[in-house]
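Structure first, then comments.
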Amino acid sequence: MAMVEQVAAQIRRNVGQVIIGKEEAINLILVAILCEGHALIEDVPGTGKTTLARAVAVSLGCTFRRLQFTPDLLPSDITGINFYNQKTQEFEFLPGPVFSQILLADEINRATPRTQSALLEAMQERQVSLDGQTRPLPRPFFLLATENPIELEGTFPLPEAQLDRFLLRVQIGYPTEAEENAILERFRRADPLATLGAVTEPGVIEALIAQVREVRVEASVQNYMVALVRQTRESDEAALGASPRGALALYRACQAWAAIHGAEFVTPDDVKRLAPHVLTHRILINPQTRVRGRTAENVVDDILARLPVPVGAG
């Protein structure tokens, strides 16, 4: 996994020219990319969600489109349209922003459920069906979506079916005092994102995705993942637990996490580190639990605390 670790370090350093600190958030985005998955970046305004997504896209050398989600956005604004060309006397397809290797869906929860649903096929099957025709998306294809969890006015909650298609959820958080001073110094004269260059290319990323699948997962660690996911369904506090897609997402994410750190196998510690990011947005807690102030994060933390950890795995 030396090549995966090396390229991941190059991307991390390159993004670090723009983003101060937040190494775990950058690593989680890399995990999503190496699983050819999608990431939901959730935090309050002004913490660098959009900047992080743009810096990653530039570093990968992928085609990139940004789409601002608003209540009046239509599904065709995402997928594209068939229009009649009067010169050729034929219908032609005008591809939408989804036909890019990285699509940044900014404030995704501001669009209506009908518009949000236009992304489901693209996220799962990497294709778009329109007017009886199916068109494949460029590969690799990643959706990086941002969401403000605090502001409720003018927003629409993401449906469970769509949340389940995000490999993981990333929270950036506020910078430390030292990091905030460094941000002011770095952005004092110009935006470093404007001069940021690529450090790899899509073909390399596709090769790394294949390598990540070779990371070893011992039977005991796999059983640990399955037990963890199943207990989210059996919890009295959850109305809906993590799906089998969630179990596969946890498996893939742990492989990628191990690979970017140069490991040949997944450890139980990898599972414990990634489970909150992969599973919590897939768990729907019941109303009684919500009234007590408990969250999906609390449910996952409690399961991790009581679930026996396999010994000698690796």
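The values are calculated or read from the model by the stated rules, or taken from the named source; none is laboratory data. The structure presented is a predicted model; accordingly, all values stated were derived computationally and were not measured. Here the Cβ is made from the backbone with ideal geometry for all residues, glycine too, and neighbour counts use every protein chain on show.
Which ones in region 180-205 are hydrophobic (A, V, I, L, M, F, W, C) and under 25 Å from the mean Cα position of the chain (by Cα)? Before the answer, list the steps.
Filtering region 180-205 down to residues hydrophobic (A, V, I, L, M, F, W, C) leaves 182-184, 187, 190, 193-194, 196, 198-199, 204-205.
If the condition is that a residue be hydrophobic (A, V, I, L, M, F, W, C) and under 25 Å from the mean Cα position of the chain (by Cα), then Ile183, Leu193, Ala194, Leu196, Ala198, Val199, Val204, Ile205 are the ones that fit.
So that you can scan it fast, the table gives a plain yes or no per residue for (1) free of Cβ contacts under 8 Å to residues at least 60 places away in the same chain; (2) buried (at least 23 other Cβ atoms within 10 Å of the Cβ); (3) of a type in the set (D, E, K, R):
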{"position": "Asn14", "(1), (2), (3)": "no, no, no"}
{"position": "Thr51", "(1), (2), (3)": "no, no, no"}
{"position": "Ser59", "(1), (2), (3)": "no, yes, no"}
{"position": "Gln68", "(1), (2), (3)": "yes, no, no"}
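Select from region 16-42 the residues that are in contact (Cβ under 8 Å) with a residue 24 or more places away in the chain and in a loop (DSSP other than H, G, I, E, B) and list them in ascending order.
Kept after step one, since they are in contact (Cβ under 8 Å) with a residue 24 or more places away in the chain, are these residues of region 16-42: 17-22, 25-42.
Scanning region 16-42 gives Gln17, Val18, Ile19, Ile20, Gly21, Lys22, Cys35, Glu36, Gly37, His38.
Starting from region 289-311, take each residue that is in the same structural domain as Val266 (by TED's automatic domain parsing) and more than 18 Å from Asp269 (Cβ to Cβ) and list its partners that are among the charged types (D, E, K, R) and assigned to a loop (DSSP other than H, G, I, E, B), counting only C-beta distances under 7 angstrom and pairs at least six apart or across chains.
Every condition considered, the pairs that remain are Thr289/Glu237; Arg294/Glu237; Val299/Glu237.
Would you point out the residue of region 253-277, among those that are in contact with a Lys or Arg (Cβ under 8 Å, 6 or more places away or on another chain) and surrounded by 23 or more Cβ atoms within 10 Å (Cβ to Cβ), that is nearest to Arg290 (Cα to Cα)?
First pass over region 253-277, keeping only residues in contact with a Lys or Arg (Cβ under 8 Å, 6 or more places away or on another chain): 255, 257, 264-266, 277.
Then drop every residue that is not surrounded by 23 or more Cβ atoms within 10 Å (Cβ to Cβ), which leaves 255, 257, 266, 277.
Working: Gln255: 33, Trp257: 31, Val266: 34, His277: 20 Å.
The extreme case among them is His277.
Scan region 207-239 residue by residue and report those that are loosely packed, with under 12 Cβ neighbours inside 10 Å, closer than 30 Å to Leu284 by Cα and either outside the structural domain of Ile285 (by TED's automatic domain parsing) or among the small types (Gly, Ala, Ser) (or both).
The first filter runs over region 207-239 and keeps only residues loosely packed, with under 12 Cβ neighbours inside 10 Å, leaving 210, 214, 219, 234, 236.
This time we only want the ones that are closer than 30 Å to Leu284 by Cα, so: 219, 234, 236.
Residue satisfying the conditions is Ala219 alone.
Out of all the residues in region 161-168, is one or more over 30 Å from Ala9 (Cα atoms), under 21 Å from the mean Cα position of the chain (by Cα) and modelled with pLDDT under 90?
Just the residues of region 161-168 that are over 30 Å from Ala9 (Cα atoms), to begin with: 161-162.
Going one step further and asking which of them are under 21 Å from the mean Cα position of the chain (by Cα), we end up with 161-162.
Subsequent filtering for residues that are modelled with pLDDT under 90 retains 161-162.
Within region 161-168, one or more residues are over 30 Å from Ala9 (Cα atoms), under 21 Å from the mean Cα position of the chain (by Cα) and modelled with pLDDT under 90.
Exactly one condition in (1) part of a helix (DSSP H, G or I); (2) closer than 20 Å to Leu158 by Cβ; (3) of a type outside the set (A, V, I, L, M, F, W, C) is not met by Pro45; state its number.
Result: Pro45 fails condition (1) only.
Out of all the residues in region 107-127, which are in contact with a Phe, Trp or Tyr (Cβ under 9 Å, 6 or more places away or on another chain) and crowded, with 19+ Cβ neighbours inside 10 Å?
In the first step, residues of region 107-127 are kept if they are in contact with a Phe, Trp or Tyr (Cβ under 9 Å, 6 or more places away or on another chain); the result is 107-113, 115-116, 122-123, 126.
Glu107, Ile108, Asn109, Arg110, Ala111, Thr115, Gln116, Ala122, Met123, listed by residue number.
For residues that are surrounded by 18 or more Cβ atoms within 10 Å (Cβ to Cβ), modelled with pLDDT under 90 and among the polar types (S, T, N, Q), tally how many sit in region 80-106.
Matching residues across region 80-106 total 0.
Can we say Ile78 is within 16 Å of Leu119 (Cα to Cα), touching a Leu at 6+ places or on another chain (Cβ under 8 Å) and either among the basic types (Lys, Arg) or not in a strand (DSSP E or B) (or both)?
Numbers: within 16 Å of Leu119 (Cα to Cα): yes; touching a Leu at 6+ places or on another chain (Cβ under 8 Å): yes; either among the basic types (Lys, Arg) or not in a strand (DSSP E or B) (or both): yes.
Yes.
Looking only at region 233-260, which residues are acidic (Asp, Glu) and outside any helix (DSSP H, G or I)?
Scanning region 233-260 gives Asp236, Glu237.
Looking at region 122-232, what strands (runs of 3 or more DSSP E) fall wholly within it and have at least 3 residues that are under 15 Å from Gly37 (Cα atoms)? Outline the logic, then answer.
On the way: elements: 127-130, 133-136, 142-147, 168-170.
It comes to 142-147, 168-170.
Kindly indicate whether any position in region 123-130 is in contact with an Asp or Glu (Cβ under 8 Å, 6 or more places away or on another chain), closer than 27 Å to Thr51 by Cβ and either β-branched (Val, Ile, Thr) or not assigned by TED's automatic domain parsing to the domain that holds Asn148 (or both).
Going residue by residue through region 123-130, those that are in contact with an Asp or Glu (Cβ under 8 Å, 6 or more places away or on another chain) are 127-129.
Checking which are closer than 27 Å to Thr51 by Cβ leaves us with none.
No, because not a single residue in region 123-130 is in contact with an Asp or Glu (Cβ under 8 Å, 6 or more places away or on another chain), closer than 27 Å to Thr51 by Cβ and either β-branched (Val, Ile, Thr) or not assigned by TED's automatic domain parsing to the domain that holds Asn148 (or both).
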